[in-house]
Each structure stands twice: as C-alpha cells, then as structure tokens.
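Below: one structure, written as structure tokens.
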Amino acid sequence: MDKSLALTALQQGSLRLEGQFIYGSNYTFMGLCQYQQQTLKVVYKPIKGERPLWDFPHQSLAKREVAAFIVSERLGWNLVPPTVFRRKNAPLGPGSAQLYIDHNPDYHYFTFDEKDREQLPMVMLFDLLINNADRKSGHLLIDPEGKLWLIDHGLSFHVEDKLRTVIWDHAGEPIAERLLADLETFITQLHPGQSAYQALLPYVAADELDALKKRGAELLAQKRFPLPPEDRRAYPWPLV
C-alpha cells in the first residue's frame, strides 16, 4: 500500500481490536483498521495503558513512537513502519497506531544472516540519534519481501544519555559518509520554525528536540560509532 494512503487509513479508518500482545510492560493491542476497500493490521498502543516510569514523562510513550517514524522519514531511511497518533475514534482512547509488519518472530538480530546484518550501521546510527533506551533483538523485523523494519520506540528521545541496545557490532568504527550526509541534512531542519522541528514538536518536548540536534551534531563531529559506556548499563533486558 502507498505510504500516504496507509497513514490516512491509520488515522481515519475504523479501528477494531482483535487481541492483545501479552509480552511487555505496557498495554499493546493488535487491531484491524478498515478504510475504503482496504483492511490493515495495526499495532495500537493507548496512552492510558502506559505504565508510569520515573524517568520519562507520564503518558508520552505513544507520541515517541510517532516521533521515531518522523525521524526515519526525514532521514530518508524508511526504517519505521507508518505510525500516527490517533486522537479520535480509538477503542481505548488516544494512542499510537502503527502498521503491523508480517514477519517470522524467530528471525531477528541474533539470527540474522550476513546480508541482513549489512544494514546494522544504519540501525545503530538511528538508535544513537533518537537515544533509544530499549533496542532489543526482537525489535528488528524482516518482512516477507526482505525489507528491514524497526519497532518499539517509546523509550526514546530522552535528554539524558540512555542508549541501551543489543547492537554494538560496529562500535569504534567510522560511520559511512552516505549516512553522515543524510544526518547532516536532517540536522539542518531541527531549528525552531524549520520543517523537521515543527513536525516533531507535537510529539516530543522542546528540550528533547534540542538534545536530538546536539546528539546529531556530535555524531557528525566524531564520525565514528561510540564504544559501549562503562559507567552504566548499555544493554536492554530482556535481550530479545
């Protein structure tokens, strides 16, 4: 389906819950979204189902899911499935609605073949930029056409360094010039009033956008993937 049509469907279609994902701290549901002649599988995360956290603002995780999609799109990397923040006509109230990706749950980061592992530098840079505190192995999906997708970005965009990821394969290595070029283009749009900044502002706070811009600038200056930190936990739990 065309991406713009998918986004319209996720926002305006009739959403019906079909089941609940039982693994995870927050309430997450599988749904069917009917729009015109299309029926989409949807992952729906209502804000009222978010477990309060001491270090993230209350009821902010669903919006961070949308922000991750916006960053992926602005970078031109197409890593995050179409995602919207649905305010109206949602079964359990406002929350994120994301296109469900069909995939083999037994095939993920820890079981990737060499071909799929070639895409990991882009994933690493994306997670560094959005400060992803929860990149588990099972959050990397390969669809039936072989396309890589990234999911579960509610714990991202914090102002403090909270990167926790299973992916440290290229730590200490140079970042590819093509990835740096995409990052530089994106960062130039992160000033107040500019397009990326305005697109993200409804979903993350202004100080978090400032931190996003700062992380991007530091990555551009260093041109290398950092090593895992030694003063805090660098891996999520569970790992898958």
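Structure values in brief
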quantity	calculated
Neighbour-limited loop hits for GluC sites (Glu not before Pro), the stretch 80-164 (at most 16 other Cβ within 10 Å; DSSP other than H, G, I, E, B)	GLU118, GLU145, GLU160
Using alpha-carbon coordinates, inclination of helix 3-12 to the longest axis of the chain, degrees	50
Degrees between helix 206-222 axis and first principal axis of the chain (Cα, 0 to 90, nearest 10)	40
Rg/Rg_ref, the chain, where Rg_ref = 2.2 N^0.38 Å and atoms are Cα	0.98
Dipole magnitude (debye, nearest 20) for the chain, charges at Cβ of Lys, Arg, Asp, Glu	820
Net charge of neighbours whose Cβ lies under 10 Å from the Cβ of GLY31, counting Lys and Arg as +1 and Asp and Glu as -1	+1
Point-to-point label distance, VAL159-LYS223, nm (Cα→Cβ direction, 7 Å offset)	3.2
Accessible area per residue, Å², the stretch 11-98 with all protein chains present, probe 1.4 Å	51
In the stretch 96-152, trypsin sites (Lys or Arg not before Pro) in a DSSP loop with at most 12 other beta-carbon atoms within 10 Å	none
Helical contribution to [θ] at 222 nm, DSSP H n ≥ 4, -39,500 (n - 2.57), averaged over the chain, rounded to 500	-9000 deg cm²/dmol
Degrees separating the helix 61-75 axis from the principal Cα axis of the chain, which is the longest one	60
Within straight-line cross-link reach of LYS213, lysines at Cα separation under 19 Å, skipping those fewer than 8 residues along the same chain	LYS63, LYS162, LYS223
Percent of beta bridges antiparallel (DSSP, the chain, rounded to nearest 5)	95
The chain: most fluctuating residue of GLN189, GLN11, GLN222 per GNM, C-alpha cutoff 10 Å	GLN222
Of all accessible heavy-atom area on the stretch 1-77, the percent that carbon and sulfur account for (1.4 Å)	50
For the stretch 125-164 and the stretch 222-236, distance of Cα centres in Å	15
Max mean-square fluctuation residue, GNM over the chain, Cα-Cα springs under 10 Å, options SER25, SER96, SER14	SER25
The stretch 80-112: trypsin sites (Lys or Arg not before Pro) falling in loop per DSSP and having at most 16 other Cβ within 10 Å	ARG87, LYS88
Those lysines that a straight Cα-Cα span of less than 16 Å connects to LYS147, excepting residues fewer than 8 apart in one chain	LYS3, LYS115
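The values are calculated or read from the model by the stated rules, or taken from the named source; none is laboratory data. Predicted model only: the values in this text are computed from it and were never measured. Every residue, glycine among them, receives a Cβ derived from its backbone with ideal geometry; neighbour counts consider all protein chains shown. The area values use the complete protein model at the heavy-atom level, side chains included, leaving out ligands, DNA and RNA. Shrake-Rupley method; radii C 1.70, N 1.55, O 1.52, S 1.80 Å.
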